[in-house]
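All of the numbers you see were taken from the coordinates with simple rules; none came from a lab. As the structure is a computational prediction, the values presented were derived from the model and not from experiment. Here the Cβ positions follow ideal geometry from the backbone for every residue, glycine too, while neighbour counts run over all protein chains shown.
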């Protein structure tokens, strides 16, 4: 039913974004992946546009490029993100700027460029939040701050753009086994003088379900939020955290 529709995904080269890009492409949708690197393995319907989402000019140019080939954008999945580990005292000013530039400004820039296009025909937007959109976590202050911002972004855009038949929701994963999660757990392991395997096991045992999620699981939720007949669902924060925030 959604064949021949178009989605723009940011951060679609690895992890959750990559799984989502492949899932939409497998369902015959044209996918534009805005990322700083091209994927190693791709699909004929996935086109990567090299773009640093923390740079407004690059985001605007990427959307302009998409619109030279498409009449409309049906779906947007804003997903590009980075992780910073450490207490606020331990986090460098450079890392604070980096995580805010990508996780907050990058989302704002993406929305700023996509909304004028999507308001003409309507569409669905999904943002990637986190379990830290709801709760704080130890030694993750800068990162938690950005994910809480994405939750507020979802609700504000929902209110402003509902009249244009644009729905926006936020998928909020807990720990998902992605390259970003591996990087985060490497930092934890180094600080605690334990192995990476032990760090990951600690994360798993902190979940009521005693496992980490997979990128494919989150991708399926993103696909559902975009394509299902859910006209009354907008402004929602959808938890996918193995029960972590239910504790």
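Odds and ends about this structure:
- Once the Cα atoms are used to define both axes, helix 215-227 deviates from the longest principal axis of the chain by about 30 degrees.
- Spin-label model, residue 92 to residue 121: label points 7 Å out along the Cα-to-beta-carbon direction sit 4.4 nm apart.
- R0 of 35 Å, Cβ-Cβ distance residue 162-residue 195: FRET efficiency to nearest 0.05: 0.10
- The slack between residue 233 and residue 37, meaning 0.36 nm per residue of separation minus the straight C-alpha distance, is 67.2 nm.
- Between helix 196-205 and the chain: long-axis angle, C-alpha atoms, 0 to 90°, nearest 10: 80
- Set against the 2.2 N^0.38 Å expectation for a compact globular protein, segment 1-63 has a Cα radius of gyration ratio of 1.05.
- Approximate spin-label separation residue 14-residue 112, in nm, with each point projected 7 Å along Cα-to-Cβ: 2.7
- Folded to 0 to 90 degrees: helix 15-26 orientation relative to the chain principal axis, Cα: 30
- Residue 57-residue 216 pseudo-label distance in nm [points 7 Å out on the Cα-to-Cβ vector]: 4.2
- Estimated at 0.36 nm per residue, the fully extended path between residue 224 and residue 186 surpasses their Cα-Cα distance by 10.5 nm.
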